[in-house]
1. With a ≥ b ≥ c the root eigenvalues of the C-alpha gyration tensor of segment 232-312, is it rounded (a/c under 1.5), prolate (a/b larger than b/c) or oblate?
2. Relative to the present Cα-Cα distance, how much length would full extension add between L303 and W136 at 0.36 nm per residue of separation?
3. Would you mind calculating the relative contact order of segment 106-189 from Cα pairs under 8 angstrom and at least 6 residues apart, reporting the percent as a whole number?
4. By count of other Cβ within 10 Å, fewest leading, how are I30, I293 ordered?
5. Which loop trypsin sites (Lys or Arg not before Pro) in segment 22-95, with loop taken from DSSP, have no more than 16 other Cβ atoms within 10 angstrom of their Cβ?
6. What aspartates and glutamates sit close enough to K132 to cross-link, taking a C-alpha to C-alpha distance under 12 Å and skipping anything fewer than 8 places away on the same chain?
7. Would you mind ranking S21, S243 so that the residue whose beta carbon has the fewest other beta carbons within 10 Å leads the list?
8. What ranking do Y161, Y217 get, fewest neighbouring Cβ atoms within 10 angstrom at the top?
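We did not get these values from a lab; they are worked out from the coordinates using the rules stated. All of these numbers come straight from a predicted model, not from anything done at the bench. With ideal geometry, Cβ positions are generated from the backbone for all residues, glycine too; neighbour counts draw on all protein chains shown.
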Amino acid sequence: MKLIVMVPCLNEEATLPQVISSIPDQIPGISCIETLIVDDGSTDNTVAVAWRLGVDHIIRLKHNMGLARAFQVGLDACLDLGADIIVNTDGDNQYPSQAIPFLIGPILTGEADIAIGDRQTQTVKEFSALKKRLEWLGSWMVRTLSGAPDVRDAVSGFRAYSRYAASRNHLVSSYSHTIETVIQAGKKGLRILSVPIRTNPKTRPSRLYRNLFGFLYRSGATVVRSYIMYEPLKAFSLIGMFSFLASIGLGGQFLYFLLSGQGPEHMQSLVLSVVFFIAGISFATFGILADHIATNRRLLEELVWREKAGRLGLLESTHGVGILDRGLGHLPKESVSLGEMHTETAVRRSPVTNPSAASATKVLK
């Protein structure tokens, strides 16, 4: 069973050593542990530090492309490298790498396709009361819209993916992967479980949470965009329903005044009623068209996934019948069933001092 720990990085030379050194050398059920960093256009010595630490795989983006893009690039690379389980953590050492064995537990036992580290935000001392309430509200909203009942910390980046779940991921946003992947996974029927964790002391200010308004705006836009992408008919129908209700209310008000002999004095109610009625018809039409577009998108996404699944060995054909390995992908011969914990362990490669001794760096434009 192969585990790859993925770390998207942007100028993390100071904290990367703590992240890499705290990754367990041995994990029950895992026979191979590797590390991978995605350098998202760092201008410091992040890559050089990664070489010295003996990171197994390094992907360099030539310029900063955003956390979501770096995450998707890293996820695809881990799949190509044959990972059965992929753990994503941050380069600022916010998340405890020592908790990785607990995080991947639900995936090893087959209980979940995705495991999310729950920071238990209501107990984090660095968070203000307002931020705690917003974190709770945001997680509730994502949980409701995604249909994934066990999502308790929607913006936590400490996550574990089975090979199958990682292959189903197709990000659109460039801001952050956390919210979009949850909504996407929920709509695709993937099983998500939360695993309680404790965070490490803060090492630097968050680059995503620079100010409250900006964070709420971009996160809210991601929620709306992701939900409309998968449920356009529901979204536009809901908006259209409010427009129709407003139209009926204003129309009823005008009719009341008309019967009372005051109709000419309240023509604005009639005009607004017509405007809201036309808006309701428009939103209903948009919903129908968007639903057809979403259906085509799902079909195209399924075709892309089937091609990827075939390349990664997730889908094998036997007498014309596709057999899907939903769990951990291709299992080594010595592995046992998902319901049992494998006891084999692996020792990670020692840190290197000569960059040529490490695997080659992959540079993406």
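1. prolate
2. Answer, rounded to one decimal: 56.5 nm.
3. Relative contact order for segment 106-189 comes out at 34 percent.
4. Final ranking by Cβ density, sparse to dense: I293, I30.
5. K62
6. D153
7. S21, S243
8. Y217, Y161
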